[in-house]
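Enquirer: Please read through the structure below; I'll follow up with questions.
The values are calculated or read from the model by the stated rules, or taken from the named source; none is laboratory data. The model shown is predicted, which means the values in this text are computed figures rather than measured ones. As a convention, Cβ positions derive from the backbone with ideal geometry for all residues, glycine included, and neighbour counts pool all protein chains shown.
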């Protein structure tokens, strides 16, 4: 008697988590440096924008911002390490209030961000008057160098539109100025000069800014200074930032059912029946 085992394979759909980019102004590849906003130079406490997310995923995983650092090691030999320095950075996420004002806080994260030194100057190589610039990997001269800092926002759910703001302290500015000279005087928030590649910027000519110098605001400070509020005249610039979220995607899972069906082949004896 032969027994043949037939295995039944059943495909079932299960759920799996996958990261999705829901907003990005980060260029690919990231250039050696970008236009930027210096917080010490512009008396800035906080800077950001109103943004619209793409797709339907709203459970954040992380947010990455690009910083442009103009400080190099030989300029600050007694601070940091041989590769860079650390600085607390704070990213605030706000609801959009009435009239596109800054609403209530959704979430905030402060991290100790490591900022790599920019390369040392290459005098005589770059244009006259730019002896502090360095020669980038692309053969062009730059004053600063880009690096990426990532905030963990796992567990944060956001609406379709938010206002974000990046804050940090420098020697003389920020919500709590250090009062001590340091390389953070030369740390800037990198800016994109093109529209987002994912998501959208509903108010492309605006930014949200807290500066103590009235003359930096387009309205000359009439709506107030030292307030994180809307400012105009920023097109095409916006912060280089990326928001990632989790999304549920179907993932096939195969299950083998051994012994689900057993087919028994019976050996039939041939019998010669006489007289049938």
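Enquirer: Identify, from the list 14, 56, the residue that is over 29 Å from residue 173 (Cα atoms), out of contact with any helix residue (DSSP H, G or I) (no Cβ under 9 Å at 6 or more places or on another chain) and at pLDDT 95 or above. Break it down stepwise before answering.
Expert: Details: 14 fails: at pLDDT 95 or above.
None of the other options fit; the residue is 56.
Enquirer: Moving on. Checking the structure you have, find out if any residue of region 116-135 is under 25 Å from residue 207 (Cα atoms) and either at pLDDT 95 or above or surrounded by fewer than 17 Cβ atoms within 10 Å (Cβ to Cβ) (or both). Spell out how you get there, then give the answer.
Expert: Filtering region 116-135 for residues under 25 Å from residue 207 (Cα atoms) gives none.
No, the conditions are met nowhere in region 116-135.
Enquirer: Are any residues in region 142-159 closer than 20 Å to residue 189 by Cα and surrounded by fewer than 17 Cβ atoms within 10 Å (Cβ to Cβ), and if so, which ones?
Expert: 148, 150, 152
Enquirer: Still on this model: Name every residue in region 172-202 that is more than 19 Å from the chain's Cα centre (by Cα), surrounded by 21 or more Cβ atoms within 10 Å (Cβ to Cβ) and farther than 19 Å from residue 114 by Cβ, in order of residue number.
Expert: Result: 173, single match.
Enquirer: Looking at 245, 207, 235, which is the one that is at pLDDT 95 or above, out of contact with any helix residue (DSSP H, G or I) (no Cβ under 6 Å at 6 or more places or on another chain) and under 25 Å from residue 172 (Cα atoms)?
Expert: Working: 245 fails: under 25 Å from residue 172 (Cα atoms); 235 fails: under 25 Å from residue 172 (Cα atoms).
Going through 245, 207, 235 in turn, the sole match is 207.
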